[in-house]
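The values are calculated or read from the model by the stated rules, or taken from the named source; none is laboratory data. Bear in mind that the values here come from a model prediction, so they are computed numbers and not experimental data. Glycine also receives a Cβ, built like all others from the backbone with ideal geometry; neighbour counts cover every protein chain displayed. SASA here: full protein model, heavy atoms, side chains in, ligands and nucleic acids out. Shrake-Rupley method; radii C 1.70, N 1.55, O 1.52, S 1.80 Å.
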Amino acid sequence: MGCSGHFCYGPYIPPGGGIGGTIGYRFCFSNNTEMIVKENGKELKRLVSDIKVGDLVLTLNGNQKVFSKVLENTKNEGIFEFYEIKIKDEKSNICSITVTGNHTMIIFEKENETKFKFANELAIGDILRTNNGLFKIFEIGHKKMNNSYKLKVEEGTVLANNILVSTIYLEGNKNIKHYGKVLDSVKIPIENKN
């Protein structure tokens, strides 16, 4: 699976700037985010723009690969502000995911401890998970992009560009409630903190 692409949640400027320049919040991926889907018993790469409700997308539950049913995939048109988050594995391969500031990311801390953090709260050195282990963030940048896709899945997580991310979204900056099940489902002992 490739490691480039974009994922977003946060400030959304509707086409035409919205009524009085109103900014809303959306949970979304850019159209070039890659995921793995299971179709007719085969695992295939698919762009988020080609994923349909009912498709099964790859995620992780502990150390197990599982497929989660897509409940929603909605295209949002407009201009979005994103945080581009880059991690590097032990072979110096770079994976990146691009999210808006209010997207809930899953951070791995001490052994078997996970928590949610908004993307705009991430810092260099925070640890994210891929299908190949746990890796530190080494760079965070900003950019504006057009259009996005709001994806919601049963498990509450998905591997997007091979990075495990939350598909839990909030309206505005409301507090996260009762999402312990999602955090518990992705826990693994931290063995590799590259």
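Please state which one of 144, 152, 91, 181 is out of contact with any strand residue (DSSP E or B) (no Cβ under 9 Å at 6 or more places or on another chain), basic (Lys, Arg), open to solvent by 70 Å² or more (accessible area, probe 1.4 Å) and modelled with pLDDT of 70 or more. Steps first, answer last, please.
Values: 144 fails: out of contact with any strand residue (DSSP E or B) (no Cβ under 9 Å at 6 or more places or on another chain); 152 fails: out of contact with any strand residue (DSSP E or B) (no Cβ under 9 Å at 6 or more places or on another chain); 181 fails: modelled with pLDDT of 70 or more.
The match here is 91.
Does residue 83 satisfy being surrounded by 23 or more Cβ atoms within 10 Å (Cβ to Cβ) and either farther than 19 Å from residue 62 by Cα or modelled with pLDDT of 90 or more (or both)?
Working: surrounded by 23 or more Cβ atoms within 10 Å (Cβ to Cβ): yes; either farther than 19 Å from residue 62 by Cα or modelled with pLDDT of 90 or more (or both): yes.
Criteria met by residue 83.
Take the residues in the range 41-64 that are in a strand (DSSP E or B) and either modelled with pLDDT under 90 or open to solvent by less than 50 Å² (accessible area, probe 1.4 Å) (or both), then tell me which one is farthest from residue 105 (Cα to Cα). Talk me through it step by step, then tell me what you get.
Here is the first cut: in the range 41-64, the ones in a strand (DSSP E or B) are 42-47, 56-61, 64.
With the extra rule that they be either modelled with pLDDT under 90 or open to solvent by less than 50 Å² (accessible area, probe 1.4 Å) (or both), the set shrinks to 46, 57-61, 64.
Values: 46: 22, 57: 18, 58: 17, 59: 14, 60: 15, 61: 16, 64: 20 Å.
Only one residue tops the list, namely 46.
May I ask you to verify whether residue 117 is over 18 Å from residue 36 (Cα atoms), of a type in the set (Lys, Arg) and within 13 Å of the chain's Cα centre (by Cα)? Outline the logic, then answer.
Numbers: over 18 Å from residue 36 (Cα atoms): yes; of a type in the set (Lys, Arg): yes; within 13 Å of the chain's Cα centre (by Cα): yes.
Yes, satisfied.
Could you tell me whether residue 97 is crowded, with 21+ Cβ neighbours inside 10 Å, on the phi < 0 side of the Ramachandran plot and in contact with a Ser or Thr (Cβ under 9 Å, 6 or more places away or on another chain)? Give the steps one after another, and end with the answer.
Working: crowded, with 21+ Cβ neighbours inside 10 Å: yes; on the phi < 0 side of the Ramachandran plot: yes; in contact with a Ser or Thr (Cβ under 9 Å, 6 or more places away or on another chain): yes.
Here the answer is yes, as residue 97 does meet what is asked.
So which residues in the range 108-140 are over 15 Å from residue 60 (Cβ atoms), open to solvent by less than 60 Å² (accessible area, probe 1.4 Å) and among the aliphatic types (A, V, I, L, M), if there are any at all?
Just the residues of the range 108-140 that are over 15 Å from residue 60 (Cβ atoms), to begin with: 109-111, 113, 115-126, 136-140.
Imposing the further condition that a residue be open to solvent by less than 60 Å² (accessible area, probe 1.4 Å) reduces the set to 116-119, 122-123, 125-126, 137, 140.
Within the range 108-140, 119, 122, 123, 137, 140 qualify.
Filter the range 25-40 down to the residues that are in a strand (DSSP E or B) and open to solvent by less than 10 Å² (accessible area, probe 1.4 Å), then identify the one that is modelled with the highest pLDDT.
Our first condition is that a residue be in a strand (DSSP E or B); within the range 25-40, this holds for 25-29, 34-39.
Within this subset, residues satisfying the condition of being open to solvent by less than 10 Å² (accessible area, probe 1.4 Å) are 27-29, 35, 37.
Values: 27: 54, 28: 71, 29: 76, 35: 94, 37: 97.
Result: 37.
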